[in-house]
Amino acid sequence: MSGRKKSPGAAILRAVSILVLLLLLAACLPLTLPRLFGYQIYTVVSGSMEPAIPTGSLVYIREGKPEEAVAGDVIAFYGGAQSGSIITHRVVENRVVMGEIVTKGDANESPDMNPVPYGHYLGKVEHSIPEAGKTAAVFTSPAGKSLAGCGVGLAVVLQALASFLENRRRQDSNQ
């Protein structure tokens, strides 16, 4: 190392820049990495599976064959032919011959009124992270994407400022 002193301001700017990027990475990793391993990710918006899966949780769904669902599994399925809603409930009975699954939300008194046709089956819930759905909602919204972009931009600006301070310090020490 040369005899030059490092700029403490530049070091702080670089550290803050790295911290901003690490925080963004930590927030986005649960939303992106699992997709590489074949998971679909959804946010739970109702309390029908509480307390096992609270409202606001992220659920990770692994595709599979509906015939393989067994009582006790938590599955995800489309709520209806015209509905885009996705429901996560527990399997009560798999009627393989009829091609349908009887489900029930843990917080509900009785099984769901309509069995789930195999064609509506998405897969089995393999993991859930309570409260992480709120973070997902922030980062998947237009405002959240802008916020993430601003965070990256801030990190770049902080790195540029740190470089400017270091160059200025070098020039001052060479005079």
Calculated P(r) tail over 16 Å for region 65-133, as whole % of Cα pairs: 43
Those lysines that a straight Cα-Cα span of less than 23 Å connects to Lys65, excepting residues fewer than 8 apart in one chain: Lys104, Lys124
Principal axis dimensions, the chain - Cα atoms, whole angstrom, descending: 87, 28, 27
Helical contribution to [θ] at 222 nm, DSSP H n ≥ 4, -39,500 (n - 2.57), averaged over the chain, rounded to 500: -14500 deg cm²/dmol
Span from the region 83-106 Cα centroid across to the region 13-70 one, whole angstrom: 22
Relative contact order %, region 1-105, counting alpha carbon pairs below 8 Å whose residues are six or more apart: 16
Span-rule helices in the chain, defined as complete DSSP H runs reaching 24 Å or more along the axis (Cα) with Kyte mean at least 0.0: 8-36, 142-174
Positive-end residue, the chain charge dipole about Cα centroid, Cβ charges, pick of Val97, Thr135, Ile87: Thr135
Cβ-placed point charges (K, R +1; D, E -1), dipole of the chain about Cα centre in debye, nearest 20: 1500
At most 10 other Cβ within 10 Å, DSSP loop - trypsin sites (Lys or Arg not before Pro), region 1-53: Lys5
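Readers should treat all values here as calculations from the given coordinates under stated rules, not as data from a laboratory. Source: prediction; values computed, not measured. With ideal geometry, Cβ positions are generated from the backbone for all residues, glycine too; neighbour counts draw on all protein chains shown.
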